[in-house]
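These notes are about the structure you will find just below.
The values are calculated or read from the model by the stated rules, or taken from the named source; none is laboratory data. As the structure is a prediction and not an experimental result, all values here were calculated from the model. Virtual Cβ from ideal backbone geometry, glycine too; neighbours counted across all protein chains shown. Accessible surface is based on the protein model in full, side chains and every heavy atom, while ligands, DNA and RNA are left aside. Shrake-Rupley method; radii C 1.70, N 1.55, O 1.52, S 1.80 Å.
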Amino acid sequence: MTHPIYAVGDIHGHLEKLELALSLIERDGGETASIIFLGDYTDRGPDSKGVIERLIKLKECNPNYVFLKGNHDVMFTGFLQDVPFHDPHLLVGLDWLNPRLGGNTTLQSYDIVVDETRRHGQVHAEARAKVPQSHIDFLNGCELSFETDELFFVHAGVRPTTPLNAQTEHDMLWIREGFLDHDEPFEKLIVHGHTALKHPTHFGNRVDLDGGAGRGNALVPAVFEGTKCWTLTEQGRVPLVP
C-alpha cells in the first residue's frame, strides 16, 4: 500500500486557514500524517508571526513534516540581514515592504508600524529588534525541495532543460516563464505553489497547489498516493485530475 503524503500550498500569513487545513489532514490521515509545506508562509495575510510560531511547534513535535522555502520567506529574512537584501529580480521601484508583495503586513503582525511617515532604516532597525531569532532560523532552515520516487515538491517550479538534481535556488523559488508553459512530462510529477490560481489544479505534468489563500481564497490541502492526487474538503477527498 502506498503511504499517503499530504501537501499544503502557500499560506501567506493566514493562521485560521492553516488550522483548518491541518484539521482536514488529521481527519484524513491521523496525527502521524506526513505533510510537505510548500513555502510562502509570510506576507499579505494578517498573522505571519502566528503562522511561523505554529509551524515551529509542528516541526518540534512531528518529524514527518517537511518545510520548503518560498520566495516571500526569503524576502523576509533578507530584509532582516544587517544590510537589507533587495532581490535583483524584483521590478524597479518594487520592494518587499510594498503592499503588492505584503511585507508590510508581515511586520505589522510583529507590532511594527509600516507607513509613509517612517524611513526604511527605522523600520529595519525595529524589525531586527522585534522579530525573534527562532523565526529567522526556522525560515533559513527550510529546504528547497523534497522528492519521492514519483513526486518532486518545490515552491515555484523547475527549469525543464535542467535535471531535477541540478536545479538552481533562484528557479526553485521564483520560476514561472518556461515552467508553467511546459507541456511535456518532467522526470517526476512536480508539486508546487507560487503561482496563485483560484483552486489547486492538476496540469498533467505538474500540480499547482497555490489556490490563492493570499488573495482571499481557501487554503486547500492535498493528498498524494503515488501520483494519484485528491484535495481535502469538509466532505472528504475530491479527486484532482488533469
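Annotations
- Scanning region 1-19 for residues that are over 12 Å from the mean Cα position of the chain (by Cα) and either buried (at least 24 other Cβ atoms within 10 Å of the Cβ) or not polar (S, T, N, Q) (or both) yields MET1, HIS3, PRO4, ILE5, TYR6, LEU15, GLU16, LYS17, GLU19.
- Output for region 65-102, where each listed residue is open to solvent by 20 Å² or more (accessible area, probe 1.4 Å) and under 19 Å from LEU219 (Cβ atoms): TYR65, VAL66, LYS69
- First in region 72-99 and under 19 Å from LEU144 (Cβ atoms), second anywhere and surrounded by fewer than 14 Cβ atoms within 10 Å (Cβ to Cβ), Cβ under 6 Å, 6 or more apart: THR77/ASN140
- Only a single criterion out of (1) under 30 Å from GLU53 (Cβ atoms); (2) polar (S, T, N, Q); (3) free of Cβ contacts under 8 Å to residues at least 24 places away in the same chain is not satisfied by THR161, namely (1).
- Unique residue being touching a Pro at 6+ places or on another chain (Cβ under 9 Å) and farther than 18 Å from ILE52 by Cα when the list is ASP82, ASP87, ASP115, ASP95: ASP95
- Residues in region 124-140 that are under 21 Å from the mean Cα position of the chain (by Cα) and touching a residue at least 24 places away in the same chain (Cβ under 8 Å): VAL131, SER134, HIS135, ILE136, PHE138, LEU139, ASN140.
- Residues (assigned to a loop (DSSP other than H, G, I, E, B) and either closer than 26 Å to GLU150 by Cβ or touching a Cys at 6+ places or on another chain (Cβ under 8 Å) (or both)) located in region 1-19: MET1, THR2, HIS3, PRO4, GLY9, ASP10, ILE11
- When region 20-64 is filtered for residues that are among the hydroxyl-bearing types (Ser, Thr, Tyr) and either assigned to a helix (DSSP H, G or I) or crowded, with 24+ Cβ neighbours inside 10 Å (or both), the ones remaining, listed by number, are SER23, TYR41, THR42, SER48.
- Qualifying positions in region 100-112 - in a loop (DSSP other than H, G, I, E, B), closer than 18 Å to GLN81 by Cα and free of Cβ contacts under 8 Å to residues at least 60 places away in the same chain: ILE112
- Filter pass, GLN133 being closer than 29 Å to GLU60 by Cα, open to solvent by 50 Å² or more (accessible area, probe 1.4 Å) and polar (S, T, N, Q): yes
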